[in-house]
Amino acid sequence: MILVRQEKIALVLILVVIAAVAIATFALESAGKGAFAQQMGPDSREGDLVLLEGSVEEAKMTATGGHQILRVEGVRVFVPSSAVRSGWPRVGDEIRVYGTVQTYRGEREVLVHSAGDITAVAPPS
């Protein structure tokens, strides 16, 4: 099969785009969520990626679904069952949470997306 000039150019362009996407993906994954998250605060809007850091004041499981509800520095944090780690975090643990702001029953909360979005600031006791 012999490629004509236009086909060669198209093939090179496709390869360049694939390489650019791969490099961008690697760079964004390496930067992590911290590079894009803003500190949770009163000006945080629905859908914003936020960082919340502080002490766990409350930790309970939902009655159904296996989800976890945390309260960190007065802010409700919803952890879906797919991101729940059994027995952690506990009340008093210092944690860092990444998630998106949403409103549930009139209360703003942080929605966690994966187990890796919750990390210990200090090692758990």
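Bear in mind these aren't lab numbers, they're just calculated from the coordinates by the rules spelled out. The structure displayed is predicted, hence computed values, not measured ones. Don't worry about glycine lacking a Cβ; one is built from the backbone with ideal geometry, like all the others, and counts go over all protein chains shown.
Looking only at the stretch 99-113, decide whether some residue is on the phi < 0 side of the Ramachandran plot, free of Cβ contacts under 8 Å to residues at least 40 places away in the same chain and polar (S, T, N, Q). Scanning the stretch 99-113 turns up no residue that is on the phi < 0 side of the Ramachandran plot, free of Cβ contacts under 8 Å to residues at least 40 places away in the same chain and polar (S, T, N, Q).
Tallying residues that are over 13 Å from the mean Cα position of the chain (by Cα), under 19 Å from G106 (Cβ atoms) and of a type outside the set (V, I, T) within the stretch 61-83 yields 5. Filtering the stretch 59-94 to residues that are within 20 Å of L49 (Cα to Cα), touching a helix residue (DSSP H, G or I) at 6+ places or on another chain (Cβ under 9 Å) and surrounded by 12 or more Cβ atoms within 10 Å (Cβ to Cβ) leaves Q68, V79, A83, V84.
So for the stretch 14-36 (the condition being surrounded by 10 or more Cβ atoms within 10 Å (Cβ to Cβ), in contact with a strand residue (DSSP E or B) (Cβ under 6 Å, 6 or more places away or on another chain), closer than 21 Å to G116 by Cβ and not β-branched (V, I, T)), does at least one residue qualify? The answer is yes; a qualifying residue exists.
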